[in-house]
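Laboratory data are not the source of any read-out in this text; all were calculated from the coordinates shown. Owing to the predicted nature of the structure, the values given are computational and were not obtained by experimental measurement. Every residue, glycine among them, receives a Cβ derived from its backbone with ideal geometry; neighbour counts consider all protein chains shown.
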Number of protein chains: 2
Amino acid sequence: MKPTTFAIRGTVCFSTDSQNLTCLENAFIVCQDGRTVGVFPELPAQFEGIPVEDVGDQLIIPGMNDLHLHAPQYAFHGMYMDLELLEWLNQVTFPEEARYADLSYAEKAYSIFAEDLRQSATTRASIFATLHVEATELLMDLMEKTGLKTYIGKVNMDRNGTADLQEKSAVVSAGDTVRWLTDTAGKYENVKPILTPRFTPSCTDELMNALAELQRTYRLPVQSHLSENQSEIAWVHELCPNTSFYGEAYDQFGLFGSPDCPAIMAHCVYSSDAEIALMKKRGVFVAHCPQSNTNLSSGIAPVRRYLEEDLHIGLGTDIAGGHSLSMLRAIADAIQVSKLRWRLVDDSLKPLSLEEAFYMATMGGGAFFGKVGTFLEDYEFDALILDDRGLRHPQPLTARERLERLIYLSDDRCITGKYVSGNKIF
Amino acid sequence: MKPTTFAIRGTVCFSTDSQNLTCLENAFIVCQDGRTVGVFPELPAQFEGIPVEDVGDQLIIPGMNDLHLHAPQYAFHGMYMDLELLEWLNQVTFPEEARYADLSYAEKAYSIFAEDLRQSATTRASIFATLHVEATELLMDLMEKTGLKTYIGKVNMDRNGTADLQEKSAVVSAGDTVRWLTDTAGKYENVKPILTPRFTPSCTDELMNALAELQRTYRLPVQSHLSENQSEIAWVHELCPNTSFYGEAYDQFGLFGSPDCPAIMAHCVYSSDAEIALMKKRGVFVAHCPQSNTNLSSGIAPVRRYLEEDLHIGLGTDIAGGHSLSMLRAIADAIQVSKLRWRLVDDSLKPLSLEEAFYMATMGGGAFFGKVGTFLEDYEFDALILDDRGLRHPQPLTARERLERLIYLSDDRCITGKYVSGNKIF
């Protein structure tokens, strides 16, 4: 029987909002029934006698929330990087995803993915699978066992795929989606389904209408891609001549989410003023994926503007447009590309600070999962224990300096412990 | 007694020029007297009986040449990343470098640097120390023991420093430089001195003249910084009103190198046509430092143009403007920023390929050190053995795919062996 109340003692760092990072050395963080009670300089009297794990000088930080990644693409992460989005989809991604029709391949590949994600800095994630029902259910089974909290989506795509990777019709796609939802209903503690129309060019209007009906019936959140690349945007405009911007292509079917059941839209590199206004109105979560947007030569999203306009925004690794599974690396990447955007594109949008990028990886994205992403009272207790003793240095460092160094060196070897909702993962 | 002739058997990858990568599985690479004899599918008859190390399926690639990094700044790598160049120098860099007046601090810090560089992908490097003679000699002693081949420069700076980090006069600076050169003459097998005027704003004309005389007397190569940041360029223009571009501020004193004794100029982000023409004429080696240019919001150098104009170009980590010591990471970074430059700045300069960036890290920068950077006949035998078994994957991979993955995941944990001029480092 696991203790329902316990404390961890160490150097605690967490965001309180997008501008402020709190760092406390030798502090006690108390967890009760999976939620944070608070962070204290001394263990409060009412908690005397609870189990206390002393992690010494190690850092305790909130877990990271990866708002966008593709599990089947992990098989080729870090490869085939010399292509742009649409050619990369056709030449690399679609052929690889087609292999997940073979369950034995899927098991081999998804087992590696699940184990690597378990060991990473990520505690929660929103994940694309493939269009295959069986392989998606296998992925859900594997992810359930990791103890991480995830949304996983069977992908819908009934046009512009390949002979090997496309659903035969909207009816087949919707039918498979119902089968998937029925098969997995109530089956998992940690995994939830999320509707996943791949992106507008992959889905006929008939399919979008069917998915919208499923969305209303099952009250499901949605994840998709938005305004990632100029050629993609031009293509959507051709496919949906009745829309004035890309986001409308989802919204016209009711698939752009609503504040009480929001959608995650990955990228938003080239969102227009009207699109941004609609994203705000619908409560869309922007999944900013700086590494992927760089690797696929897409561009750099105006993240400062999204923060200023108070949109929901988190970070995504976008495996395998992004090559690294590390959300620590995603924080550093977000800062880095914001500097290049400021220098090269628009000097009215100043670069992100460490505080802001850390916030996005923790609280910003965490809000999609509920009260998640910080150590404020009543937030779910997702935490990482980080040991930076292997990163030698000649001088004393503050907690914030140590955190910055761990982020930039994005060394997942340093992760010695991980909790999700108060459960110890390792 | 070490064998002077030996072979290693494994999967061999190396550049033959800037466009072509050769990958051979189960190949024998033969080293004789510190130089490569060749790469063969079978061990040639005349080498029968020489020691053969079989590294199995591991990759054997040329060592990496880091053309630009600051040893004293390694103490704060991955920290204080929210600043631009000139404020970063004054607030972070100069105060830290001042600490190297204290030899016990220098020993602590440089020992960490030397050991980490020894274990990294780097086999050769051109390194800035500080202005301190004793600490620079200590760094040279430590680097000598690593077995890596390095150029190390005592820094010259007699203006625009801080009270704690500036030489009292040009005479003192030049005198210290002579003392350093005299102290270390003939002392090392692996370490050579390189003249290191920090950058134009740090050096009076009187100092530049004195250094030019030393350059001619000792026939030394030069390393410095060039056209990194717009504010820096404007400042140089104010300081040197007689010059029409930054490079002339070195060249007017004869400190821009010559084809038979070239200079390394770090960054070259904003070099004008005239500056590029002079760089070409003088045989300057451009040290492209993509990570640093990103972190310090400097911009992105037009590397494609330098390649097309056939300039010498290699990569630098620029610790600690760059945060990572990994030259594998520098290769990936160079590709990544070239994509953003193509997308955001100038679509006439297409992104770098993996082949081109790998070439820069090996052959491109290697040329500064002689016949270095590839496994063609008679090149010095600098090599890395890379074990990627820890990076699991579900499908068979080609050698090139494995190399790309190692570069993008830049996982120095994978380095299981390292040779410099035929000597085994580990």
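Holding the Cα-Cα limit at 21 Å, pick out from A:LYS149/A:LYS371; A:LYS145/A:LYS187; A:LYS154/A:LYS281; A:LYS149/A:LYS424; A:LYS350/B:LYS350 the pairs that are longer than that.
Over 21 Å apart, Cα to Cα: A:LYS154/A:LYS281; A:LYS350/B:LYS350.
Once you order the gyration tensor axes a ≥ b ≥ c over the Cα atoms, which shape class does region B:99-230 get: rounded for a/c under 1.5, otherwise prolate or oblate by comparing a/b with b/c?
Prolate shape, in that a/c is at least 1.5 and a/b is the bigger ratio.
Would you calculate the volume per residue, in Å³, of the smallest convex hull containing every Cα atom of region B:253-374?
105 Å³
So what's the back-of-envelope 222 nm ellipticity for the protein assembly as shown, counting only DSSP H runs of four-plus at -39500 (n - 2.57) apiece and dividing by all residues, rounded to 500?
Calculated from helices alone, the mean residue ellipticity at 222 nm is -10000 deg cm²/dmol.
Starting from the eigenvalues of the Cα gyration tensor, five times each then square-rooted, give me the equivalent ellipsoid semi-axes of region B:324-377, largest first, whole Å.
25, 13, 8
Only sites in a loop by DSSP and with at most 16 other Cβ atoms within 10 Å count here; which GluC sites (Glu not before Pro) in region B:304-395 make the cut?
The qualifying sites are B:GLU309, B:GLU377.
Where does the charge balance sit around A:LEU296 when Lys and Arg score +1, Asp and Glu -1, over other residues with C-beta under 11 Å from its C-beta?
Here the charged neighbours net out to -4.
What's the whole-number percent of alpha carbon pairs in region A:1-58 lying beyond 17 angstrom?
Tail of P(r) above 17 Å: 38 percent of Cα pairs.
Please identify the GluC sites (Glu not before Pro) of region A:119-190 that satisfy two criteria: DSSP loop assignment and at most 12 other Cβ atoms within 10 Å. Which are they?
Passing both the DSSP loop test and the Cβ count: A:GLU189.
For region B:182-250 and region B:283-314, write down the distance between their C-alpha centroids in whole Å.
19 Å
Quick check: convex hull of the Cα atoms in region A:36-152, volume per residue, rounded to a whole Å³?
Residue-normalised Cα hull volume stands at 151 Å³.
Trypsin sites (Lys or Arg not before Pro) within region B:195-253: which are DSSP loop residues with at most 14 other Cβ atoms inside 10 Å?
Counting only loop positions with at most 14 other Cβ atoms within 10 Å, the trypsin sites (Lys or Arg not before Pro) in region B:195-253 are B:ARG219.
Calculate how many DSSP beta bridges within region B:1-118 are antiparallel, expressed in % of all such bridges and rounded to the nearest 5.
Antiparallel: roughly 75 percent of the beta bridges in region B:1-118.
Taking amide H positions as placed in the peptide plane 1.01 Å from N, state which residues far from A:ILE152 in sequence (5 or more) or on other chains have amide H under 5 Å from it.
Residues meeting the criterion, in which the H sits 1.01 Å from N, are A:ILE127, A:LYS192, A:ILE194.
So what is log10(I(q)/I(0)) for region B:256-300 at q = 0.28, 0.33 1/Å, when the Debye sum runs over its Cα atoms only?
So the normalised log intensities work out to -0.94, -1.10.
When the dipole is taken about the Cα centre of chain B, and only Lys, Arg (+1) and Asp, Glu (-1) are charged at their Cβ, what size is it in debye, to the nearest 20?
480 debye
If Lys and Arg each add +1 and Asp and Glu each add -1, what is the summed charge of the other residues whose beta carbon sits under 10 Å from the beta carbon of B:VAL171?
With Lys, Arg at +1 and Asp, Glu at -1, the neighbours total -3.
Please compute the net charge surrounding B:GLY257, taking Lys and Arg as +1 and Asp and Glu as -1 over other residues with Cβ under 11 Å from its Cβ.
So the surrounding residues net to 0.
Restricting to chain A, compute how many DSSP beta bridges are antiparallel as a %, nearest 5.
Of all bridge pairs located within chain A, approximately 45 percent are antiparallel.
Give the Rg (one decimal place) followed by the Dmax (whole number) of region B:64-369, computed from C-alpha coordinates and expressed in Å.
17.6, 52
Assign one of three labels to region A:166-272, namely rounded, prolate or oblate, based on the Cα gyration tensor with a ≥ b ≥ c the square roots of its eigenvalues; rounded applies when a/c is under 1.5, prolate when it is not and a/b is larger than b/c, and oblate otherwise.
Note, shape of region A:166-272 comes out prolate.
³J(HN,Hα) across region A:65-82 via Karplus (A = 6.51, B = -1.76, C = 1.60, θ = phi - 60°), whole Hz, x for Gly/Pro?
10, 8, 7, 7, 7, 10, 4, x, 7, 4, 4, 10, 5, x, 9, 6, 8, 9
If the viscosity is 0.692 mPa s and the temperature 37 °C, what Stokes-Einstein diffusion coefficient in µm²/s follows for the protein assembly as shown when Rh is the Kirkwood radius over Cα pairs?
In µm²/s, the coefficient rounds to 116.
For a quick size check, give me the Cα extents of region B:374-426 along its three principal axes, largest first, whole Å.
Its Cα atoms span 38, 22, 16 Å along the three principal axes.
In whole Å, what is the distance between the alpha-carbon centres of region A:133-164 and region A:328-398?
Using only Cα atoms to place each centre, the spacing works out to 28 Å.
Any idea which of B:GLY364, B:HIS393, B:TYR419 is furthest toward the positive side of the dipole for region B:357-426, if Lys and Arg beta-carbons carry +1 and Asp and Glu beta-carbons -1?
So the residue we want is B:HIS393.
Out of A:ALA125, A:THR93, A:LEU138, whose Cα points farthest toward the positive end of the dipole of region A:76-147 (charges: +1 Lys, Arg; -1 Asp, Glu; placed on Cβ)?
Selected residue: A:ALA125.
Output the antiparallel fraction of DSSP beta bridges having both residues in the protein assembly as shown, as a percent to the nearest 5.
Here the share of antiparallel DSSP bridges comes out near 45 percent.
Rounded if a/c is under 1.5, else prolate if a/b beats b/c, else oblate: with a ≥ b ≥ c from the C-alpha gyration tensor eigenvalues square-rooted, which is region B:337-424?
oblate
Which whole-number percent gives the relative contact order of chain B, counting Cα pairs below 8 Å spaced six or more residues apart?
For chain B, the relative contact order is 21 percent.
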